[in-house]
Amino acid sequence: MVDEKSKVNLGRCIGCVNCVAICEVSAMKLVKREEEVVPPKNIMELYQQIMMKK
Ligand code: SF4
């Protein structure tokens, strides 16, 4: 909550759309991020991505 209003933490939002689906006053909408993040295809690709960042 910020100034008595809810605020989305964009660093943690995974785009599940649950907040959009349940909002009774249609206050929420999804906006596409400028940078597209493609999740790893499998656990090995995930580990490779983690190791590349270290
Ligand atoms: S889309 Fe809405 S409910 Fe889903 S993670 Fe983001 S803020 Fe939370």
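Here are some conditions: (1) surrounded by fewer than 10 Cβ atoms within 10 Å (Cβ to Cβ); (2) out of contact with any Cys (no Cβ under 9 Å at 6 or more places or on another chain). Val8 meets all but one. Which one does it not meet?
Every listed condition holds for Val8 apart from (2).
For (1) more than 8 Å from the ligand (Cβ to nearest atom); (2) touching a Leu at 6+ places or on another chain (Cβ under 9 Å); (3) part of a helix (DSSP H, G or I), each residue gets a yes or a no:
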| site | (1), (2), (3) |
| --- | --- |
| Arg12 | no, no, no |
| Lys32 | yes, no, no |
| Glu35 | yes, no, no |
| Leu46 | yes, no, yes |
| Met52 | yes, no, yes |
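All but one of (1) assigned to a loop (DSSP other than H, G, I, E, B); (2) surrounded by 10 or more Cβ atoms within 10 Å (Cβ to Cβ); (3) within 14 Å of the ligand (Cβ to nearest atom) hold for Val20, so report the exception by its number.
(1)
We did not get these values from a lab; they are worked out from the coordinates using the rules stated. Keep in mind that what you see is a predicted model, and the values were worked out from it rather than measured. Positions of Cβ are backbone-derived with ideal geometry, glycine not excepted, and every protein chain shown enters the neighbour counts.
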